[in-house]
1. To the nearest µm²/s, what D does Stokes-Einstein give for region 10-137 at 4 °C and 1.567 mPa s, using the Kirkwood radius over alpha carbon pairs as Rh?
2. Most exposed first by the Cβ proxy, i.e. fewest other Cβ within 10 Å, how do F74, F61 rank?
3. Order by neighbour count: Y39, Y45, fewest other Cβ atoms within 10 Å first, most last.
4. Using amide H atoms built in the peptide plane, which far-off residues or other-chain residues are under 5 Å from W121 H to H?
5. Looking at region 10-137, send over the antiparallel percent of its DSSP beta bridges, to the nearest 5.
Amino acid sequence: MAEYPHPSSAGRSANMRANRRTDTKPELALRRALHKLGYRFRKDYRLDLDGGRRVRPDIAFTARRVAVFVDGCFWHACPQHGSKPRANDWYWTPKLARNVERDRVADETLAAAGWQVVRIWEHESLEHALAAVIAVVGARPTVDLVAPPVDLVALDDDPVAADSLRASRSADKI
């Protein structure tokens, strides 16, 4: 079993316990914005790919085969904002390197299975993240979900059409 470092303080231990695997603030903001624009997707959806490889994108557009990952700067070693811990370097350096390697293997596995991968850093603006996802997913098809308005004046002239409209509306209520 792997040897784990002892926490440097109770505060640091509580901080590390509070880190979430899913539903991070940047991920929630992106999901809300996508949903508001009418996009529908799966969250934290497990994909069982060829060769027994499992991948869990933060957001998955299954019909369009697009996997979106919102990567934290620390955990995925962001070249701009990723920091290297000073304490327990012997533990953190290989761990963060494994995270990056796991990301690359997941990207390659998804690409081989016909998926497109979008990786977004947590520090990127919401507008930039939305643009990146929409560029790959494509524009959402506009669907008229509301029935066209009924010309009530024309119904007064045609009692048969008025009766069929009343019958269809009462059937909708059942």
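All of the numbers you see were taken from the coordinates with simple rules; none came from a lab. Just so we're clear, the structure is a prediction, and the values are computed from it rather than from any experiment. FYI the Cβ positions are ideal-geometry reconstructions off the backbone, even for glycines, and counts take in every protein chain you see.
1. After rounding, the answer is 82 µm²/s.
2. Exposure proxy ranking, most exposed first: F74, F61.
3. The most exposed by this proxy come first: Y45, Y39.
4. Under 5 Å from the amide H of W121 lie the amide H atoms of D71, each far enough along the sequence or on another chain.
5. For region 10-137, the DSSP antiparallel bridge percentage is about 55.
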